[in-house]
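The values are calculated or read from the model by the stated rules, or taken from the named source; none is laboratory data. Bear in mind that the values here come from a model prediction, so they are computed numbers and not experimental data. Here the Cβ positions follow ideal geometry from the backbone for every residue, glycine too, while neighbour counts run over all protein chains shown.
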Amino acid sequence: MLYSYFSYVLHKPACWFALAFCFLSAWSVQAQGGVSASQYQALVSLYNSTGGPNWYIKDNWLSAEPVNTWYGVSVDSTGKVVVLNLSYNNLTGNLPASLSNLPLVELQVSGNQLARITALPASLVSLNADNNMISALPSLPSKLEILRINSNQVKSLPTLPVALTVLDASSNLLSSLPSLPARLTNLSVSTNRISSLPTLPVALTSLNISSNRISTLPALPANLGSLIVSSNRISSLPTLPSTLSYLNVSGNRLSALPTLPAGLSISIVNENRLTFEDLEPIINRFFDPGFYAPQADIGNEGIVVTAAGCSIQLSANYAGNSANNQYIWFKDSVAIDTLTTPYLMLNSIKTDDAGTYTCQVSNTLVPGLVLNRKPIYVYVYGGSSSTSVRVSSPESQREESSLTIGPNPFVDALYVFGTHTSEQKAHITITDVQGRLVYESSAHSLTQPIQLDKGLPSALYVMRVSMGAKTQTFSIVKQ
């Protein structure tokens with residue numbers, strides 16, 4: 001019976017052709033290392049396009065050994081190249097278009113020096129191209145679920161496939177995001193240039209947008225577990241979902257916090273504009289003072305101009321109205337008084353009282369946090385004698401000088417007094433309290449008067465006299 005069957009086959013040309021085709025196909029697959037010719041050629045092209053001879057590891061590549069023994073190549077039981085892992089292997093140049101001929105499910109090329117991905121296989125589910133020099137992405141396959149392109153130079157993202165669940169595009173040059181697919185659960189786009197966010201998908205459980213330019217957050221998904229928005233420009237937070245367990249809002253402009261969820265285990269709120277009033281009720285939610293300290297300086301810089309003999313009140317009432325606050329006042333960086341109220345009275349003020357006043361506010365219930373009041377510059381004038389008031393500005397520490405200015409207050413002319421010669425020249429600027437320049441002389445002889453416009457309004461001005469590396473700053477009053 002078996003003999004009759006083979007006799008029949010041998011006398012049928014069509015059967016001869018079928019047998020020959022099967023034999024040649026099997027021989028072709030074997031000749032290409034166990035994979036199809038198109039896959040084999042795609043791998044050869046990849047090797048040649050990415051500097052294969054200079055790869056760190058290239059075991060068996062382009063050899064007669066089976067392709068599944070080539071370094072980083074995984075072949076399934078049907079002869080399909082399904083995984084390619086060449087991470088941190090000194091690949092350079094571009095991934096060629098022929099890469100799309102590989103039936104890859106997973107592609108790992110992170111930690112190389114690739115400049116471009118020309119095309120991707122339609123079968124691809126996971127792509128990791130972190131830490132390269134890629135500036136643009138091709139169209140993304142519809143089956144792609146995981147996309148990691150952290151630390152590249154990508155300026156914009158293509159349309160994201162509906163299957164995508166994980167997107168990490170941190171440390172790129174993105175200025176915006178496309179619409180986010182509904183299945184997305186993990187989104188990380190930290191350290192970019194993004195100024196606004198699209199609607200967040202309801203499936204999202206982890207969001208990291210730190211170090212961007214975002215000022216407003218959209219509504220947060222109900223299942224969000226981790227929220228990292230540090231180093232942005234956010235001034236208020238939306239309602240926090242009850243599922244949230246990790247929150248980092250460090251380095252923003254928050255002056256208040258919403259209700260914190262009961263299940264929140266870690267909260268980092270430092271480097272904002274929070275005061276003791278905000279932190280006292282929730283202080284037990286923080287593991288360490290570093291989670292809420294420091295905060296921004298409080299109040300605004302102020303200028304107080306007064307005549308000798310008057311009384312003035314300085315305020316640091318910006319730290320919240322708590323009976324647990326303590327106020328330490330400083331003049332020119334030297335502590336002068338410790339109070340339990342935010343006000344410092346200076347009675348019968350003298351010219352020696354002029355200077356820079358600051359205040360440090362602490363709270364017995366919020367350890368480790370000190371709120372610093374922004375400086376108040378106090379100027380005192382005492383008549384028409386040749387007096388000077390040096391401005392102790394935090395901008396710089398200036399060397400002492402023997403120069404004085406007079407008369408002060410003045411009408412329309414000033415003189416610089418001190419130990420100098422007629423040959424010495426000075427760079428002199430006079431500005432109003434808003435910093436607008438009203439007078440400048442780049443090479444003024446210190447033996448000559450400083451003539452100012454008679455129409456200059458009566459007010460306080462700041463005068464700076466620079467000689468070489470030395471600069472002295474004075475307050476002057478125009479009568």
The conditions are (1) touching a Leu at 6+ places or on another chain (Cβ under 6 Å); (2) over 23 Å from Q295 (Cβ atoms); (3) buried (at least 17 other Cβ atoms within 10 Å of the Cβ), and S226 fails exactly one of them. Which is it? (1)
List the number of the failed condition for I282; all other conditions in (1) part of a loop (DSSP other than H, G, I, E, B); (2) at pLDDT 95 or above; (3) not hydroxyl-bearing (S, T, Y) hold. (1)
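Out of the residues in segment 147-170 meeting the condition of being hydrophobic (A, V, I, L, M, F, W, C) and farther than 21 Å from P96 by Cα, tell me which one is surrounded by the fewest Cβ atoms within 10 Å (Cβ to Cβ).
Applying the filter and picking the extreme gives V162.
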Which of the residues spanning segment 451-479 are assigned to a strand (DSSP E or B), over 16 Å from F410 (Cα atoms) and among the aliphatic types (A, V, I, L, M)? V465, M467
Only listed residue being within 38 Å of the chain's Cα centre (by Cα) and over 25 Å from N272 (Cβ atoms), chosen from V334, V305: V334
Residue in segment 173-185 that is among the β-branched types (V, I, T) and more than 24 Å from the chain's Cα centre (by Cα) present: no
Look at S322 and say whether it is touching a residue at least 40 places away in the same chain (Cβ under 8 Å), surrounded by fewer than 19 Cβ atoms within 10 Å (Cβ to Cβ) and assigned to a loop (DSSP other than H, G, I, E, B). yes
Scan segment 100-115 for residues that are farther than 17 Å from T50 by Cβ and either surrounded by fewer than 17 Cβ atoms within 10 Å (Cβ to Cβ) or among the aromatic types (F, W, Y) (or both) and report the count. 1
Within segment 226-240, which residues are part of a loop (DSSP other than H, G, I, E, B) and either under 17 Å from S190 (Cβ atoms) or within 10 Å of the chain's Cα centre (by Cα) (or both)? V229, S230, S231, N232, R233, I234
Looking only at residues that are crowded, with 18+ Cβ neighbours inside 10 Å and over 27 Å from the mean Cα position of the chain (by Cα) in segment 134-144, which one is farthest from G93 (Cα to Cα)? L144
Out of curiosity, is V249 aliphatic (A, V, I, L, M) and within 30 Å of T356 (Cβ to Cβ)? no
Output the residues belonging to segment 111-138 that are hydroxyl-bearing (S, T, Y) and in a strand (DSSP E or B). S126
For T275, state whether it is of a type in the set (S, T, N, Q) and either free of Cβ contacts under 8 Å to residues at least 40 places away in the same chain or loosely packed, with under 15 Cβ neighbours inside 10 Å (or both). no
Can you say whether H427 is modelled with pLDDT under 65, within 21 Å of T471 (Cα to Cα), surrounded by fewer than 19 Cβ atoms within 10 Å (Cβ to Cβ) and assigned by TED's automatic domain parsing to the domain that holds M467, as far as the supplied structure shows? no
Scan segment 147-154 and tell me whether some residue there is in the same structural domain as P221 (by TED's automatic domain parsing) and in contact (Cβ under 8 Å) with a residue 24 or more places away in the chain. yes
For T118, only one of the following conditions fails: (1) buried (at least 16 other Cβ atoms within 10 Å of the Cβ); (2) under 24 Å from L164 (Cβ atoms). What is its number? (1)
Among (1) of a type outside the set (A, V, I, L, M); (2) surrounded by fewer than 17 Cβ atoms within 10 Å (Cβ to Cβ); (3) assigned to a strand (DSSP E or B); (4) at pLDDT 80 or above, which single condition is Y377 missing? (2)
Criterion (assigned to a strand (DSSP E or B), of a type in the set (G, A, S) and modelled with pLDDT of 95 or more) met by exactly one of A256, A293, A335: A335
Considering each residue of segment 200-213, count those that are of a type in the set (S, T, N, Q), closer than 17 Å to S226 by Cα and in a loop (DSSP other than H, G, I, E, B), and give that number. 3
State whether one or more residues within segment 93-100 are out of contact with any Ser or Thr (no Cβ under 9 Å at 6 or more places or on another chain) and under 17 Å from L46 (Cα atoms). no
